[in-house]
1. Count the net charge of all other residues whose Cβ sits under 9 Å from the Cβ of I99, scoring Lys and Arg as +1 and Asp and Glu as -1.
2. Mind listing the long-range amide H neighbours of D71? Cut-off is under 5 Å, sequence gap 5 or more, other chains count too, H placed in the peptide plane at 1.01 Å from N.
3. Sum up the charges of everything whose Cβ sits under 15 Å from the Cβ of A87, counting Lys and Arg as +1 and Asp and Glu as -1, but leave A87 out.
4. Give me the net charge for the shell around V113: Cβ to Cβ below 11 angstrom, other residues only, Lys and Arg +1, Asp and Glu -1.
5. Return the loop-located chymotrypsin sites (Phe, Trp or Tyr not before Pro) in segment 28-113 (DSSP other than H, G, I, E, B) with at most 15 other Cβ atoms within 10 Å of their own Cβ; answer none if there are none.
6. Could you check the spin-label model distance between D70 and T49? Points 7 Å from the Cα along Cα→Cβ, value in nm.
Amino acid sequence: MGASEAGARAPDPAERLVARGVVTPADREVLATRAGFVVRAGIARYRLTGGGRLACLQGLVTCDVDKPGDDSHLFGALLDASGMIRATLWIYRVPDALIVEVPEAAAAAVEDV
């Protein structure tokens, strides 16, 4: 191990994502420690709100949306009434909503469920 490696600090995960000076230190902390998402082409996005959002989605997807808590992100699949997979999805739990992302090609199937 060289002299420069011995004193090297562990990299800040947010440094790989956002250049210094672009966001505040508080925003950098959020980027490094909480769930987040980037708007991308080819993705259909749904925002589920209301008191029953967790219970509604819990039986329709293959992942546990309740246990991880707010500021988490999950990967799973959306199931139809017979248990068949209709689409893969990402779920972002934020304090006031669930953000569900699916490939745009699967949007019609998701809306049928």
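Each reported figure results from applying straightforward, stated rules to the coordinates on display, with no laboratory input. Because the structure is a prediction, the values reported are computed rather than measured. Neighbour counts are summed over all protein chains in view; Cβ atoms, including those assigned to glycine, are modelled from backbone coordinates with ideal geometry.
1. That works out to +2.
2. Answer set, sorted by chain and number: R93, V94.
3. That works out to -3.
4. -2
5. Loop-located and lightly packed - F37.
6. 1.5 nm
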